[in-house]
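Below is one structure; the comments refer to it alone.
The values are calculated or read from the model by the stated rules, or taken from the named source; none is laboratory data. All figures in this text were calculated on a predicted structure; none of them were measured in a lab. Heads up, the Cβs are rebuilt from the backbone with ideal geometry, glycines too, and the neighbour counts pull from every protein chain shown.
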Amino acid sequence: MTDAQFDLLMTGDTAPGVDRNIAVSKLATLFKRPVEQVDKLLCGKPSRVRKNLNQAELERYQNAFESIGVITKAVTSAQAADVPQIDKTPATLNLCPNGTPVLSEDERYRPAVAAPDTDHLSVADSGENLSSNDSIPVPAPDTDHISVAPVGSTILPPAPKENPPQKSLSHLSLCGPGTPLLDKKPELNYRVPNTEHLSLQ
């Protein structure tokens, strides 16, 4: 179905929660036409926007209308035969480039920032006491359970002595005097080389 051709219809309705006046303003910017001319396209009646679109073109147009809150529908050319088309004018329908602002600066919603109420607040002078009630007694901590040891007393109990484990030496023995500690090396017999074939010059 890569060669399928579609017609793009505007249903004449806006998406739920979308303000109609804002949608009309955005649609006028998208079509580059006066608001009065575009207003009739959102009156609840379907109208054909473009004919013979391939799949990629159809998705591009649908994404553009969806971004401004206008509901569209794709049908085949035969199904859209009886749907009225947007008035034919010499100017063709083009979409604005990506990133083009749809709303003007006056149309943009800017929520008011409410400043906190500070009428009940005041600033004290430098050095002034913040609390005017100095008669509130501060209870002393209870120290009846605490006692002081005499000077030189050991605060901590002595650490328990640890007895190191006794090492067993029963498996060891001493050799008698003169006992060789290393194994006897084998005797090597060196053969004298034959030098009869050598002469001094």
Original post:
Going through the stretch 53-75 one residue at a time, which ones are outside any strand (DSSP E or B), of a type outside the set (D, E, K, R) and over 16 Å from Asp19 (Cβ atoms)?
Top reply: Asn54, Gln55, Ala56, Leu58, Tyr61, Gln62, Asn63, Ala64
Original post:
Is it fair to say Ser153 is of a type outside the set (A, V, I, L, M), part of a loop (DSSP other than H, G, I, E, B), under 48 Å from the mean Cα position of the chain (by Cα) and at pLDDT 80 or above?
Top reply: no
